[in-house]
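The values are calculated or read from the model by the stated rules, or taken from the named source; none is laboratory data. These numbers were taken from a predicted model, which means no experiment stands behind them. Quick reminder, even Gly has a Cβ in these numbers, built from the backbone with ideal geometry, and neighbours come from all protein chains shown.
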């Protein structure tokens, strides 16, 4: 195993220095570009270090226990749904007109409670496009014998698909909401022609949500020509034949296309129905 690791990357002090320098470079460029994401970049790297360390420990414990592996998959689904909910809906707290310490405290309490309730509702709603497609597809693959009923097979497969669905839901939701805000006049014009609210919004949301599918489509179209996926390289270095690695990678790419398509369609539908929206919470 150490020989395989060395073939991919040399683990040691030089790797740690490289990671620090790359993080600093990303943060510095984000600062200069005015994206206001320099601090977010550093926080993301810090979280990744902690979370990957915890992941390595947890997977080592649960990988050989089926029920624990399934529980871990459900936790992954919940976290992915919460992440998308936070990206799609941006809750803003607003203070009321009441004055005085008591009124301010009451407004703050009501606002915090409302924000928590809205966040919970949105997370549950986002679990449908983020978690449900992956859980259904993985269950069908296990039931048909395509995927072994082991934690070693289920955890990484579900994790990759959750990630794709999460990214698609986040992007589709943001693009739909941004497009509706910018093209609200077109929605009103469509409604004046007899369109229902949902139908008028879908005319805007469908092409907006479709843009979230571009990364998955480009990744599939360019595989083997522009990109060589890490799972393919990992399987070959692990001793699998190039043909077996290619078959596995093809399965992953097509599965990602499937969950992404479902996630984009469901997200557009939810936004069109007004179930996903940027809310303003007041006291």
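Here is how the numbers come out for the structure above:
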| item | result |
| --- | --- |
| Any hit, segment 179-198, residues being in a helix (DSSP H, G or I), closer than 20 Å to residue 87 by Cα and touching a helix residue (DSSP H, G or I) at 6+ places or on another chain (Cβ under 8 Å) | yes |
| Among the candidates 96, 159, 145, residue that is modelled with pLDDT of 85 or more and not in a helix (DSSP H, G or I) | 145 |
